[in-house]
Amino acid sequence: MSRTGRIAGAAAVVVVAAAAVGYYAWQPAIAPLDSPPPISEDRALLAQGARLAELGDCMHCHTAQDGKPYAGGLPLNTPFGTIYSTNITPDVDTGIGAWSQEAFARAMRRGVARDGSLLYPAFPYVHFTRVTDDDIAALYAYLMARRPVHAPAPANELTFPLNFRPLVAGWNLLFLDAGELPAPAKAQSKDWLRGRYLVEGLGHCASCHTPMNALGAEKSGQPYAGGLIDGWEAPPLNALTRARRPWTHEQLTSYLHTGLATEHGAAAGPMLPVTQHLANVPLSDVQAMATYLMSMQPEPQASPPPTPPAAPPPAPPGTPAADDAQRMERGAATFNASCASCHGASAPMHTVGGRPLLELSTALNADSPRNAIQLVLSGNPWTGSASAHYMPPFAATLTDEQIADVLAYTRVQYAQRPAWKNIAGSVAAIRKENPQP
Ligand code: HEC
Ligand code: HEC
Ligand code: HEC
């Protein structure tokens with residue numbers, strides 16, 4: 001966000017918050033428990049809570065790198081500064097061990113901590129507010145059965161005036177639509193209803209896949225139109241049937257459950273942990289999410305996608321087009337040296353196992369080169385047995401120019417789409433944005 005945008009945004013927060021004080025800002029504390037409640041012996045309830053925690057990515061956000069599960073401390077980068085997730089293990093001093101179920105439910109529904117202070121919306125309570133009483137009870141039982149960890153959350157690094165929590169009252173007034181989802185406008189299947197409940201609620205998919213306004217809230221008129229998160233583009237989820245090969249229900253289910261869709265690509269960047277958690281929920285839940293997502297797609301376009309433009313006539317040396325031709329040549333050489341062992345037509349990756357082809361990849365077909373650049377810079381980590389996703393990072397071995405060359409080449413040669421403009425500049429800019437190792 002631009003500096004003036006940020007200042008205007010901050011000023012707007014102040015005005016709205018002033019209006020909201022007295023209405024929303026001061027919430028009562030809920031009496032602390034002396035000790036965490038006894039661990040539930042209801043195994044079905046605990047198992048349900050575990051599945052719901054996977055659906056809500058609770059562990060991902062509430063675990064620092066190399067930290068203990070649920071003990072908090074993961075830095076989340078927002079346009080307003082860094083917010084650290086908190087400890088949600090049942091430790092009485094530094095976690096939520098003194099929180100009654102009522103206090104937990106209020107946090108999930110309204111973003112209010114036990115002591116009455118307001119939580120920042122980096123915690124996706126605008127979505128968790130949709131969760132039913134039964135599911136909140138199961139999540140609470142599950143969290144209270146975790147091993148308590150003593151771990152205070154690091155102090156947030158937020159710009160003034162956003163380090164002043166009561167200001168969130170104004171934000172809530174504008175953007176928190178608390179409570180369960182209303183009945184749909186027309187009759188829907190059970191599967192669709194379940195899918196909507198999971199996608200809009202615990203799944204909080206819109207928090208990454210919807211563009212943000214200047215106050216860091218999802219733009220209300222553009223749900224699922226695509227967003228930007230940690231330097232990656234979260235593609236639109238409401239145009240999946242407009243992809244080069246329209247997504248099917250089956251592919252969407254497979255992508256969400258395994259992180260791989262044969263005609264689209266592999267989940268990478270911030271989407272990888274989402275699919276790793278969805279791998280642990282019942283297939284029927286993931287299928288229901290796919291049903292709901294498919295219902296928000298436009299009709300497939302009647303005409304086939306535009307044919308690739310004809311190759312331009314050869315240009316005399318010394319012109320920009322000739323520079324492009326040289327870039328293509330260098331790109332082909334880099335591709336053969338660094339990429340072809342996996343992405344070449346006869347690479348085992350394609351002949352065995354039917355992995356996605358580069359030409360169909362969302363990243364290579366996207367209007368912006370951002371995700372393709374991120375993928376080449378950072379690769380996709382080797383995760384447990386899921387070696388199907390693994391791609392090495394090239395940040396240390398290829399220069400910006402080499403990455404620009406190889407992506408210019410793959411874009412035109414494989415995706416057969418018009419070249420991205422100023423790809424070298426984009427590589428340099430994105431490399432700079434990324435946290436330095
Ligand atoms: C996108 C990241 C993210 C996800 C996903 C997430 N949280 Fe959080 N959560 C946070 C952050 C950040 C805070 C701290 C907010 C603050 O300090 O104002 C927080 C705070 C909380 C709190 C208040 C704790 C306290 O000490 O004040 C509870 C309770 C909580 N989360 C539970 C959950 C549960 C349960 C889930 C899964 C269903 C979950 N969170 C998923 C980021 C996340
Ligand atoms: C933390 C942010 C984040 C959350 C939460 C998130 N996504 Fe994503 N998603 C992304 C990013 C980033 C990508 C692009 C990843 C890539 O190119 O590999 C992506 C990619 C996808 C894709 C592939 C789209 C395409 O056109 O190739 C689908 C489908 C998807 N997400 C669905 C979901 C669903 C459903 C949920 C909720 C359960 C969800 N996402 C939650 C960040 C997120
Ligand atoms: C060790 C094998 C390996 C090497 C080497 C490798 N990749 Fe990949 N790459 C993968 C795998 C696995 C995927 C995920 C499956 C897929 O999307 O095809 C992938 C995906 C991609 C994608 C598509 C991302 C998406 O899902 O939309 C692009 C673009 C890409 N690689 C470019 C490159 C480039 C450029 C190079 C060379 C600089 C390279 N890769 C080298 C294994 C590799």
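The values are calculated or read from the model by the stated rules, or taken from the named source; none is laboratory data. Quick caveat: nothing in here was measured; it's all calculated off a predicted structure. Cβ: placed from backbone, ideal geometry, glycine included. Neighbour counts: every protein chain shown. To get the accessible areas, we keep the full protein, side chains included, count just its heavy atoms, and leave off ligands, DNA and RNA. Shrake-Rupley method; radii C 1.70, N 1.55, O 1.52, S 1.80 Å.
Report, to the nearest 10°, how far helix 283-294 tilts away from the longest principal axis of the Cα atoms in the chain, using its own Cα long axis and a range of 0 to 90°.
The angle comes out near 70 degrees.
Per residue of the stretch 70-81, what does 6.51 cos²θ - 1.76 cosθ + 1.60 with θ = phi - 60° give for ³J(HN,Hα)? Whole Hz please, x for Gly and Pro, Karplus curve as stated.
6, 7, x, x, 6, x, 10, 8, 10, x, 9, x
Among GLY95, GLY344, GLY231, which one shows the biggest mean-square fluctuation in a GNM of the chain, springs joining Cα atoms closer than 10 Å?
Result: GLY344 has the largest fluctuation of those listed.
What number comes out for accessible area per residue over the stretch 99-180 if the probe is 1.4 Å? Units Å², please. All intermediate terms of the calculation are to be shown ahead of the outcome.
Working: 3560 Å² over 82 residues.
With the other protein chains kept in place, the stretch 99-180 gives 43 Å² per residue.
Based on Cβ point charges of +1 for Lys and Arg and -1 for Asp and Glu, what charge dipole magnitude is obtained for the stretch 26-175 about its Cα centre, in debye rounded to the nearest 20?
In debye, rounded to 20, the stretch 26-175 gives about 240.
What angle, in degrees between 0 and 90 and rounded to the nearest 10, separates the Cα long axis of helix 190-200 from the longest principal axis of the Cα atoms of the chain?
90
Can you compute 3J(HN,Hα) from phi for each residue in the stretch 43-52, using the Karplus curve 6.51 cos²θ - 1.76 cosθ + 1.60 with θ = phi - 60°, rounded to whole Hz and x for Gly and Pro?
Residue by residue, the stretch 43-52 yields 5, 5, 5, 5, 5, 5, x, 5, 5, 5 Hz.
Name the lysines eligible as straight-distance cross-link partners of LYS219: C-alpha to C-alpha under 25 Å, and not fewer than 8 places from it in the same chain.
By straight Cα distance, LYS219 reaches LYS186.
Specify the angular offset, from 0 to 90 degrees and rounded to the nearest 10, of the alpha carbon long axis of helix 320-334 from the longest principal axis of the alpha carbons in the chain.
That works out to roughly 70 degrees.
Rg and Dmax of the stretch 43-132 over Cα atoms: what are they, in angstrom?
In Å, with Rg to one decimal and Dmax whole: 13.0, 42.
Length gain on complete extension for the stretch ALA155 to TRP382, per 0.36 nm per residue less the alpha carbon to alpha carbon distance? Could you put the intermediate results ahead of the total?
Numbers: separation 227, 0.36 × 227 = 81.72 nm, distance 3.19 nm.
Difference between extended and current length: 78.5 nm.
Residue separation times 0.36 nm, minus the C-alpha to C-alpha distance between ARG165 and TYR390: what's the value?
Stretched fully, the ARG165-TYR390 segment lengthens by 76.9 nm.
Could you list the square roots of 5 times each eigenvalue of the Cα gyration tensor of the chain, that is, the equivalent ellipsoid semi-axes, sorted largest first and rounded to whole Å?
Those come to 41, 25, 22 Å.
Can you give the FRET efficiency to the nearest 0.05 for GLN436 and ASP177, using r as the Cβ-Cβ distance and R₀ = 25 Å?
Once the sixth-power term is evaluated, E becomes 0.05.
For LEU76, list long-range residues whose amide hydrogen, built 1.01 Å from N in the peptide plane, is under 5 Å from its own amide hydrogen.
For LEU76, the qualifying residues are ILE83, TYR84, SER85.
What does the helix-only formula give at 222 nm for the chain: each DSSP H stretch with n ≥ 4 adding -39500 (n - 2.57), the total divided by the residues, and the result rounded to the nearest 500 deg cm²/dmol? Each step should come with its number before you reach the end.
Values: 19 runs with 172 residues, N = 437.
Only helices count here, giving -11000 deg cm²/dmol.
Please list, in order along the stretch 99-106, the HN-Hα scalar couplings obtained from phi with the Karplus expression 6.51 cos²θ - 1.76 cosθ + 1.60 (θ = phi - 60°), rounded to whole Hz, x for Gly and Pro.
8, 6, 4, 4, 5, 4, 4, 5
GNM, the chain, Cα, under 10 Å: largest mean-square fluctuation among PRO282, PRO75, PRO36?
PRO282
Run the numbers on the chain and let me know its relative contact order in percent, using alpha-carbon pairs under 8 Å that are six or more apart.
Across the chain, relative contact order equals 13 percent.
Using the Cα atoms as the points, what is the convex hull volume per residue of the stretch 26-175 in Å³? Can you show the working numbers first?
Working: hull volume 16.2 nm³, N = 150.
Spelled out: Cα convex hull of the stretch 26-175, divided by residues, is 108 Å³.
Choose one answer from ILE39, ILE229, ILE83: the residue with the largest mean-square fluctuation in a GNM of the chain with alpha-carbon springs under 10 Å.
ILE39
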